[in-house]
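Taking it in order: structure first as structure tokens, then the write-up.
The values are calculated or read from the model by the stated rules, or taken from the named source; none is laboratory data. Being a predicted model, the structure only gives us computed values, none of them experimental. Cβ atoms come from the backbone with ideal geometry, glycine included; neighbour counts cover every protein chain shown. Just the protein is used for accessible areas: all its heavy atoms, side chains included, with ligands, DNA and RNA removed. Shrake-Rupley method; radii C 1.70, N 1.55, O 1.52, S 1.80 Å.
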Amino acid sequence: MSADPSFESIINQIKVDVVSPTHDLENAKQLEAVSRCFASELISVFPTKEMYEYATKASVGDAVWHDSSTEALEAHIAQLTGKEAALLVASGTMSNQLAVRTHLHQPPFSVICDGRSHINKYEAGGAALHTGAHTVPLMPSNGHHHLTLKDIRPHVVLGEDIHSAPTRLICLENTLDGLIFPQSDIVDICKFAHENGILVHLDGARLWHVAATTYIPMSVLCAPLDSVSLCFSKGLGAPMGTCLAGSKAFIQKAKWFRKAWGGGMRQTGIIAAAIAYALTYNFSQLPRVHALAKRLEQGLRDLGVRILSPAETCMLYYDPSPIGIGYQEIQDRAAALPQPIIAMGSRLVVHIQTTTEAIDDLLAVLRTLKENKLKDGFTPSPDLPVGPSGTDAERGYPTA
Ligand SMILES: Cc1ncc(COP(=O)(O)O)c(C=O)c1O
């Protein structure tokens, strides 16, 4: 049946085709590019055909009310983390900010966190914006590895002094810069916090890497914490999504704020299924990813490059200046290869789709640059120990 001509013209204005016949080729090219990109693991290209095929079998309920696949994922994450409940949200930032907002009730209050943490640096000042919380960023005293109770205790505000904002929450991050937070330190911090009426949230965007390295079960890693945020799109390769886990009452309240912030989503079954696929098939690949990161670290060490932060999991920080090379030279030469490599600044990240060839090709770039410097008369300085002191800027940390 043909529509009224004036309606027909509106139909034609509204119609759109976003699937181009070139997309298969584009996607293949993107996978090739991503396999040689050391910028971040967020760039991995999923869903794969298998992940997508599994996701098409998901339930199609409205998750604001009830969706079976979404709820099955949330129940699984609650059980995995040993918490009463979990909530699927759009992103790691939303999950962390929901945690801060839900834990804190009545200002004035303050949040202690690592100065380098995502919550402090990369969430657009969210703790102040959404919760009105004062953030107290601390730097670890153990060579920039992780915060300890010794670092935290002097900055905790207890008591009735009306000049200060009482500490109500401590936010930890594991891994941070790819470094594993020793569980014994997390236990010590949580014990002290709970004895003093302070809650502890963990940004566990990359906690998967800790379980894959230490073989400590997720429930044990999460046990001392009041809430945990777990990302599925970093390292595991789901297209999106983060789960926030905690007590039933906490998650019920967080659901309220998620809705208020416009984060109530509808047919999320397809996302939950893609995440389930990533948990089932991609998590087990992390040891291979870590081995590749270590291969890269060893290759850099062999060349005389200074390692600023070692590859405990999937990333490392390095400084090529001891062999006379700068980051920009590396970036330019790697980008000019017939099969280009993306390597920017001091951070190198390896992910599930990184290839061994990409690692070896990046090392070859540094080797060639070093040989050219030696030919030009450069004398390399001896390698320096890991974990130098100094500011983030001095260490060349990137800003994202
Ligand atoms: C440790 C950590 N937490 C939280 C986030 C935020 O995640 P999203 O980008 O999904 O908001 C990131 C993002 O890279 C992160 O690295």
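Side notes on the structure shown:
- Within segment 122-147, residues that are in contact (Cβ under 8 Å) with a residue 60 or more places away in the chain sit with their Cβ atoms under 8 Å from residues that are away from the ligand (no atom under 16 Å from the Cβ) and charged (D, E, K, R), at 6+ positions apart or across chains, in these pairs: 144/395.
- Scanning segment 4-42 for residues that are within 30 Å of residue 359 (Cβ to Cβ) and open to solvent by 100 Å² or more (accessible area, probe 1.4 Å) yields 24, 25, 29.
- Members of segment 325-373 that are among the hydrophobic types (A, V, I, L, M, F, W, C) and without any contact (Cβ under 8 Å) to a residue 24 or more places away in the chain: 335, 336, 364
- Restricting segment 213-234 to residues that are open to solvent by less than 10 Å² (accessible area, probe 1.4 Å) and under 22 Å from residue 281 (Cβ atoms), the residue that is nearest to the ligand (Cβ to nearest atom) is 231.
Each row is one residue, and each column tells you yes or no for (1) open to solvent by 10 Å² or more (accessible area, probe 1.4 Å); (2) within 16 Å of the ligand (Cβ to nearest atom).
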site	(1), (2)
137	yes, yes
159	yes, no
163	yes, no
167	no, no
178	no, yes
184	yes, no
195	yes, no
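- Yes/no for residue 201 being part of a helix (DSSP H, G or I), open to solvent by less than 40 Å² (accessible area, probe 1.4 Å), in contact with a His (Cβ under 9 Å, 6 or more places away or on another chain) and within 16 Å of the ligand (Cβ to nearest atom): no
- Unique residue being touching a residue at least 40 places away in the same chain (Cβ under 8 Å), open to solvent by 10 Å² or more (accessible area, probe 1.4 Å) and more than 22 Å from the chain's Cα centre (by Cα) when the list is 269, 262, 299: 299
- Positions within segment 61-92 being more than 16 Å from the ligand (Cβ to nearest atom), open to solvent by less than 60 Å² (accessible area, probe 1.4 Å) and part of a loop (DSSP other than H, G, I, E, B), in sequence order: 61, 63, 64, 67, 82, 83
- Pairs where the first residue, in segment 45-72, is within 30 Å of residue 35 (Cβ to Cβ) and the second is of a type in the set (Val, Ile, Thr), C-beta under 6 Å, 6+ apart: 45/34; 55/270; 58/270
- For segment 239-259, a residue qualifies if it is in a helix (DSSP H, G or I), under 22 Å from the mean Cα position of the chain (by Cα) and within 16 Å of the ligand (Cβ to nearest atom), and the qualifying residues are 254, 258.
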